[in-house]
Structures are given as C-alpha cells and as structure tokens.
Amino acid sequence: MNQASGQQTGNMPDINQRNFDWYVDKVVQYFVFLSGISAIILIVGIFVFVTIEGFGFLLEDFSFSEFFLSQWWEPTDEDEPTYGILALMAGTASVTGLAMLIAIPFSLGSAIYVAEFATGKTRSGSIF
C-alpha cells in the first residue's frame, strides 16, 4: 500500500477488508466461546446438584464404619437401605491385580526387547 496515496500496490490485499473468511472465523470463534461457557455452567450445575444431594445423605444417619466395612449394597431396600462398599473395593482391587498380572510381563518383555534386541526403525519407534 502506498503510504502517501492510500491505494493498494501490486497483489497485496487490503488488511482492513472484511471478507467471507473473516465472518466465518468470527462465527466459529463465538461458537467455541459459547460452547466452553455452556460446558463450564453444566459442570458447575452437576457439582452443585451432587453436593446438595450428598449433604442430605451425609447429614442423616450415616455411619462411616458401616459404609466402609459392610459388604452389603442395598440402597433400594424399603425398610433399611444399606450402603457398604467393602465388596466394591474388593472387586476393584481384584480386577486391578489381575490387570497388573497380565500387563507387567508384557510391558517388561517389550521394554527388554526394545532396549536389548531391537534395531533401526523398531528401536526409534517410527515403524510407519
């Protein structure tokens, strides 16, 4: 752009011109911003709902020893609902232990193979 006359020179586009791409960029920018704000609002709403419901449960007749040491989980019992997570914790620990028994030998074998026997592209990790 020629400074004195204010006219374009050559094939240089005018930087102040708003074309279709500029409007598309602004629409996408506002859409992403609104999506982010709505996600934050939904997460805060879920947190508030769970907190309110959880305080109602904790402030009633809640027993920590029954909750952590009882193996019965019967929240729908009409007479006396029971909330015990001992069985849930034991199940989680057994699944984790089984997964470790399977995963550790494979991962150690892979690491030893790459460190001691692999060459070239296999060793660098760029197989493709």
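Here is how the numbers come out for the structure above:
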quantity: Residues located in the stretch 16-74, provided they are polar (S, T, N, Q) and in a helix (DSSP H, G or I); calculated: Q29, S35, S38, T51, S65
quantity: Among (1) in contact (Cβ under 8 Å) with a residue 12 or more places away in the chain; (2) touching a Ser or Thr at 6+ places or on another chain (Cβ under 9 Å), the one test that F68 misses; calculated: (2)
quantity: Qualifying positions in the stretch 75-87 - in contact with a strand residue (DSSP E or B) (Cβ under 7 Å, 6 or more places away or on another chain) and part of a helix (DSSP H, G or I); calculated: A87
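Residues checked against (1) small (G, A, S); (2) surrounded by 11 or more Cβ atoms within 10 Å (Cβ to Cβ):
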position: G84; (1), (2): yes, yes
position: T92; (1), (2): no, yes
position: F106; (1), (2): no, no
position: G109; (1), (2): yes, no
position: T119; (1), (2): no, no
position: T122; (1), (2): no, yes
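Each reported figure results from applying straightforward, stated rules to the coordinates on display, with no laboratory input. Computed from a predicted model, the values in this text were never measured in an experiment. Every residue, glycine among them, receives a Cβ derived from its backbone with ideal geometry; neighbour counts consider all protein chains shown.
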